[in-house]
Amino acid sequence: MYLDLFRLQGKTAIVTGGGGAIGLATCHALAEAGAKVIVADLLGDAARQSQVELKGAGFDAAMIELDVTKPDDVRKAADTLNADHGAVDILVANAGIARSGVKGEDTEDERWLNVIDVNLHGVFWCCRDFGRHMLTRGHGTVVTVGSMSGFIVNKPQPQAYYNASKAAVHHLTRSLAAEWGQRGVRINSVAPTYIETPMTSFGGHIDGALDTWLEMTPMHRMGQPKEIASVILFLASEASSLMTGSIVLADGGYTAW
């Protein structure tokens, strides 16, 4: 009975940033649970490679090259994919970037706008346009990817622009949950700690960063992509049917002290 709540047979899911480490792990998790997965990524080759890997594992997978910062492209993708696949039942708004190491007073316009454009605007365009189709049908599930940086200020690296973008994702998630809750669409967010991916490799170039990150983490380790994918699977499935507007920390205890 309970394991059945995690099953996604008959569902179609799209994962933005599906060519990256967390995105690909999420694609595998959703596909293993029975969903047809659409891999979306800014880099067509990355999306295609993920699709090939999924198909090689015996899963039903499609791909699309998508720049989430272009609202017209997102709208067209939402319309086309819902028409081609019957319905997109699950959206995982995972596409994001991490830029770090510049103090607030030294932050260039380009850096601020770039991070906000990808991490906040891109999430909203996807939620809005895929959400419209879900609301029309009266059912659907959205999972956004925030960060523990939406709760705390990281150290030693300065990154006000990144922290602000992820805090905004959290409150966007709560806001849409309040609007959509009675209309059949749930939306929750996962807030990861530092995950061992190429995106966090910058820590090795900042004096003392890795040591500080581990010292600040009660579990004294970084996370793995599969550990975030597992939370996303839970939030995408009926196992979390009573949850909407929740921000689920997966932080190794980082925010506990």
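There is no residue in the range 161-181 that is hydrophobic (A, V, I, L, M, F, W, C) and in contact with a His (Cβ under 7 Å, 6 or more places away or on another chain). Selection over the range 18-44 of residues that are surrounded by fewer than 24 Cβ atoms within 10 Å (Cβ to Cβ) and among the charged types (D, E, K, R) gives a count of 2. For the residues 74, 15, the requirement of being assigned to a strand (DSSP E or B) and crowded, with 16+ Cβ neighbours inside 10 Å singles out 15.
Residues in the range 88-117 that are assigned to a loop (DSSP other than H, G, I, E, B) and over 20 Å from the mean Cα position of the chain (by Cα) were compared, and the one that is nearest to residue 26 (Cα to Cα) is 101.
Tell me, which residue of the range 79-94 that is within 17 Å of residue 47 (Cα to Cα) and aliphatic (A, V, I, L, M) is surrounded by the fewest Cβ atoms within 10 Å (Cβ to Cβ)? Only one residue fits best here, namely 81. With the requirement that a residue be touching a residue at least 40 places away in the same chain (Cβ under 8 Å), over 11 Å from residue 245 (Cβ atoms) and either among the small types (Gly, Ala, Ser) or surrounded by fewer than 18 Cβ atoms within 10 Å (Cβ to Cβ) (or both), what does the range 167-185 give you? Within the range 167-185, 168, 183, 184 meet the criteria.
Looking at the structure I just gave you, is residue 100 in contact with a strand residue (DSSP E or B) (Cβ under 8 Å, 6 or more places away or on another chain), hydroxyl-bearing (Ser, Thr, Tyr) and surrounded by 15 or more Cβ atoms within 10 Å (Cβ to Cβ)? So residue 100 fails the test. Among residues of the range 186-200 that are assigned to a helix (DSSP H, G or I), those with a beta-carbon under 7 Å from a residue that is not aliphatic (A, V, I, L, M) at least six positions away or on a different chain give the pairs 200/194.
Taken together, the values in this text are just the output of simple stated rules run on the coordinates, not laboratory data. Bear in mind the structure is a predicted one, so any value in this text is a computation, not a measurement. In this analysis, Cβ positions are derived from the backbone assuming ideal geometry, glycine residues included, and neighbour counts consider all displayed protein chains.
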